[in-house]
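Visitor: My questions all concern the structure below.
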């Protein structure tokens, strides 16, 4: 028996396929983009109507959740869905309020874009959660 018999090259040692319907990479990118947009919205008049500590905690929560997202832990995908849902409700209502109050403005466009981004994030986070929950379910033919 030689030493080479049990050797597995590093590139093949840890190859593992992601589960079906896993969109964690997309979710991570969308969460970081949403955090950046929330940060930028604070500097565009009229700003955000939420308290500054809430905004900072929201940004930190989005970035930390993006960093922790992985296919091995189901709980983080529940957190991603909840964060996306909160973002859709908060920024969707903000966009509607700004539309009714001021009409078209850059702040309205930014709020609407952030709301749509959270909506897309909610879609991919939900698909990922569904895929992980049904991962061992038999295929229906």
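The values are calculated or read from the model by the stated rules, or taken from the named source; none is laboratory data. Owing to the predicted nature of the structure, the values given are computational and were not obtained by experimental measurement. Using ideal geometry, Cβ is built from the backbone for each residue, glycine included, and neighbour counts are taken over all protein chains shown.
Visitor: How many of the residues in the range 30-84 are touching a residue at least 60 places away in the same chain (Cβ under 8 Å), in a loop (DSSP other than H, G, I, E, B) and over 22 Å from residue 96 (Cβ atoms)?
Guide: The number of residues fulfilling the criteria is 1.
Visitor: Hey, another quick one. Within the range 91-104, which residues are out of contact with any helix residue (DSSP H, G or I) (no Cβ under 8 Å at 6 or more places or on another chain) and in a helix (DSSP H, G or I)?
Guide: Passing the criteria: 93, 96, 97, 100, 101.
Visitor: Also, quick follow-up: So, in the range 1-29, exactly how many residues are modelled with pLDDT of 80 or more, out of contact with any helix residue (DSSP H, G or I) (no Cβ under 8 Å at 6 or more places or on another chain) and assigned to a loop (DSSP other than H, G, I, E, B)?
Guide: So the answer is 0.
Visitor: Report yes if some residue within the range 122-136 is closer than 15 Å to residue 25 by Cα and surrounded by fewer than 13 Cβ atoms within 10 Å (Cβ to Cβ); otherwise report no. Please lay out each step first, then the result.
Guide: Of the residues in the range 122-136, the ones closer than 15 Å to residue 25 by Cα are 122-129, 131-132.
Going one step further and asking which of them are surrounded by fewer than 13 Cβ atoms within 10 Å (Cβ to Cβ), we end up with none.
Taking every residue of the range 122-136 in turn, none turns out to be closer than 15 Å to residue 25 by Cα and surrounded by fewer than 13 Cβ atoms within 10 Å (Cβ to Cβ).
Visitor: Under the condition of being modelled with pLDDT of 95 or more and surrounded by fewer than 16 Cβ atoms within 10 Å (Cβ to Cβ), which residue from the range 55-74 is nearest to residue 108 (Cα to Cα)?
Guide: Per the criteria, the residue is 56.
Visitor: Does the range 89-112 hold any residues that are exposed (fewer than 15 other Cβ atoms within 10 Å of the Cβ) and farther than 17 Å from residue 50 by Cβ, and which are they?
Guide: Pass one, the range 89-112, residues exposed (fewer than 15 other Cβ atoms within 10 Å of the Cβ): 89, 93, 96-97, 99-104, 106, 109.
Passing the criteria: 99, 100, 102, 103, 104, 106, 109.
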